[in-house]
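Trainee: My structure is below; once you've seen it, I'll send some questions.
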Amino acid sequence: VPFISMLFLMLLLLFLALFPGAFNCCTKISDSIPKGILRRVERFEIQKADGLCHLEAVILYIEGRKFCVRPWIRKVKKWMKKNKHKIPRKKPHGKKQRRTKIVEKKEKKQ
């Protein structure tokens, strides 16, 4: 029995390492949103219905809690358009190569 529980724990840790967002998905989304909620939103994310998450949603973060709502609610769409700056920026994958100018030094004529 200890071997089986240890094996289960190892598989769980492997799953969490390979799919870190698996437990971050919204599984239930609201069709409406109370009026005062949007004023208190600190940031928001857009969840696409691909990969591990199977529902399209807007995740609103308020005081450390998250609220999942349908992305096509008119109030939410209007609010998102107005508050684009609250979307967390994603870090680019890999480094971009910088173009450097090669400056040739002109030799002074003597």
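Bear in mind that the values in this text are calculations on the coordinates, not laboratory data. Quick caveat: nothing in here was measured; it's all calculated off a predicted structure. So basically every Cβ, Gly included, is an ideal-geometry build from the backbone, and we count neighbours across all protein chains shown.
Trainee: Compute the distance in nm between two label points, each set 7 Å from the Cα along the Cα-to-Cβ direction, one at Met10 and one at Arg40.
Mentor: Using points 7 Å along Cα→Cβ, the separation is 4.6 nm.
Trainee: With charges set only on the Cβ (+1 for Lys and Arg, -1 for Asp and Glu), what does the dipole of segment 25-91 come to about its Cα centre, in debye to the nearest 20?
Mentor: 440
Trainee: What's the FRET efficiency of Ile87 with Asn24 using the Cβ-Cβ distance as r and R₀ = 22 Å, to the nearest 0.05?
Mentor: For R0 = 22 Å, the calculated efficiency reads 0.90.
Trainee: While we're here: Given the peptides 56-65, 73-82, arrange them by the average over their residues of other C-beta atoms within 10 Å, most packed first.
Mentor: Highest to lowest by the protection proxy: 56-65, 73-82.
Trainee: Also: What full-extension length gain, to one decimal in nm, is calculated for Asp50 and Arg70 as 0.36 nm per residue of separation minus the Cα-Cα distance?
Mentor: Additional length available on full extension: 5.7 nm.
Trainee: I want to verify the translational diffusion coefficient of segment 25-91 in µm²/s; compute it with Stokes-Einstein, Rh as the Kirkwood radius over Cα pairs, at 25 °C and 0.890 mPa s.
Mentor: 202
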